[in-house]
Amino acid sequence: MSTVLTQITDELISLFDSARSVAVLTGAGISAESGVPTFRGGGDTEIWTWRGKPITELSSAELISADPKLVWEWFDYRRGMLKEVVPNAGHFALAQWERRFEEFTLITQNIDDLHRAAGSLNVLEVHGNIWRARCLRCASVFEARECPLEENPPLCMVCGGAARPDVVLFGELLPEQIFERAEEAAARCELFFVIGTSAVVYPAAGLPIAAKQAGARIIEVNPERTDISFFADVTLLGKAGEILPQFLRERG
Ligand code: BJW
Ligand code: ZN
């Protein structure tokens, strides 16, 4: 059982200050304070809902094969909401953390691009990015920011074939090289932060377990306890936008 805290302590600050190698896994909760709904709730957030269908059905390998237009409609609905939102204090704090450590890896399950918008340079997007499309014929990946879409499905800029969102749906494999880099970071780091994720979706949810097995300290930041809380060294119960900037406060 981890130590549960509601704010950071001097001991945590010294762990943070003396770390050389840090890895962070973020989930939907870090974007909650920007007004982005989460998938499974928690905190005081809204949940993504659309036409009464569950996410496991909408964002699935089955549906993209059966009805790609419908999947684009679901994504277009989300893109419409996401284009209005901006990063929050949690995203900005992580962009500053990146500049502070000799080795720093930011792994995100989020597809909303808010880490980059906040200034993070090196982001491992293990579930893809909602602002990119991938050609179903030639596999070219291109930026697709037009919202609402003029054409559904959008067409590939290279070969004219139909494209799909460049995101990882349920039942699909994660981008191999990106995930390998995430696994390497988990195996190498001294501190592994798990921020704003319910940590139920695999294989991303296996990263903190791998980090722990490799000897890292696990620090969770979430307003609610999760499965991670059982093996984390510290669970900081609170909102990412309030907790993460505390690590950057002036040292007295
Ligand atoms: C705050 C906060 C604040 C609130 N501050 N925190 C074993 C059993 C059964 C199935 C499987 C299994 N192992 C693997 C699978 C299959 C499946 C899976 O894991 N299912 C589980 C549900 C069990 N995994 C897959 O399908 C993966 N692929 C795969 O395994 O390939 C091999 C394979 C091939 C063929 C067949 C089967 C397997 C791919 C998973 C990709 C998931 N993609 C999604 C959708 C992306 C596109 C889209 O957005 O539509 O990614 S699912 C959805 O969940 C999304 C998220 O990235 C992901 C994780 O969610 P996250 O980020 O944790 O969000 P929430 O909402 O769950 O949690 C938010 C948290 O924030 C809460 O804890 C709050 O308390 C907290 N919070 N406010 C900080 N202010
Ligand atoms: Zn193409």
Original post:
Just checking, which of ILE219, ILE130, ILE209 is more than 16 Å from ligand 2 (Cβ to nearest atom), closer than 25 Å to PRO245 by Cβ and within 18 Å of the chain's Cα centre (by Cα)?
Top reply: ILE219
Subject >> Test for VAL194: is it modelled with pLDDT of 95 or more, assigned to a strand (DSSP E or B), more than 16 Å from ligand 2 (Cβ to nearest atom) and hydrophobic (A, V, I, L, M, F, W, C) >> reply: yes
**OP:** Return a yes/no flag: does the range 197-216 have any residue that is at pLDDT below 95 and among the charged types (D, E, K, R).
**Re:** no
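Results for (1) of a type in the set (Phe, Trp, Tyr); (2) more than 9 Å from ligand 1 (Cβ to nearest atom), shown as yes or no for each residue.
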residue: PHE179; (1), (2): yes, yes
residue: ALA182; (1), (2): no, yes
residue: GLU190; (1), (2): no, yes
residue: LEU207; (1), (2): no, yes
residue: GLY215; (1), (2): no, yes
residue: ILE218; (1), (2): no, yes
residue: VAL221; (1), (2): no, no
residue: GLU224; (1), (2): no, no
Subject >> Failed item, numbered, when LEU174 is tested on (1) assigned to a loop (DSSP other than H, G, I, E, B); (2) within 16 Å of ligand 2 (Cβ to nearest atom); (3) within 17 Å of SER60 (Cα to Cα) >> reply: (2)
**OP:** Tell me, yes or no, whether the range 232-244 has at least one residue that is under 25 Å from VAL36 (Cβ atoms) and within 16 Å of ligand 2 (Cβ to nearest atom).
**Re:** no
**OP:** Take the range 142-160 and flag every residue that is surrounded by fewer than 13 Cβ atoms within 10 Å (Cβ to Cβ) and assigned to a strand (DSSP E or B).
**Re:** GLU143
Subject >> Test set (1) more than 30 Å from SER21 (Cβ to Cβ); (2) more than 12 Å from ligand 1 (Cβ to nearest atom); (3) surrounded by 19 or more Cβ atoms within 10 Å (Cβ to Cβ) - VAL123 fails condition number >> reply: (1)
Subject >> Answer from ALA163, ALA139 - the residue that is over 30 Å from PRO223 (Cβ atoms), buried (at least 21 other Cβ atoms within 10 Å of the Cβ) and either of a type in the set (Gly, Ala, Ser) or modelled with pLDDT of 95 or more (or both) >> reply: ALA163
Subject >> Which listed residue is among the β-branched types (Val, Ile, Thr), away from ligand 2 (no atom under 16 Å from the Cβ), within 24 Å of GLY206 (Cα to Cα) and not in a helix (DSSP H, G or I), from VAL85, VAL24 >> reply: VAL24
**OP:** Mind counting the residues in the range 86-139 that are among the aromatic types (Phe, Trp, Tyr) and touching an Asp or Glu at 6+ places or on another chain (Cβ under 9 Å)?
**Re:** 2
Original post:
Just checking, which of ALA199, ALA216, ALA240, ALA187 is surrounded by 15 or more Cβ atoms within 10 Å (Cβ to Cβ) and at positive phi?
Top reply: ALA199
Original post:
Out of the range 27-76, which residues are of a type in the set (Phe, Trp, Tyr) and either part of a loop (DSSP other than H, G, I, E, B) or within 21 Å of ALA118 (Cα to Cα) (or both)?
Top reply: PHE39, TRP48
Original post:
Across the range 94-115, what is the number of residues that are among the hydroxyl-bearing types (Ser, Thr, Tyr) and closer than 18 Å to SER31 by Cβ?
Top reply: 1
**OP:** With respect to ARG137, determine if the residue is part of a strand (DSSP E or B) and within 16 Å of ligand 2 (Cβ to nearest atom).
**Re:** no
Original post:
Is at least one residue of the range 93-113 on the phi > 0 side of the Ramachandran plot, more than 8 Å from ligand 1 (Cβ to nearest atom) and either assigned to a helix (DSSP H, G or I) or surrounded by 18 or more Cβ atoms within 10 Å (Cβ to Cβ) (or both)?
Top reply: yes
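The values are calculated or read from the model by the stated rules, or taken from the named source; none is laboratory data. Source: prediction; values computed, not measured. No Cβ is skipped: glycine too gets one built from the backbone with ideal geometry, and neighbour counts run over all protein chains shown.
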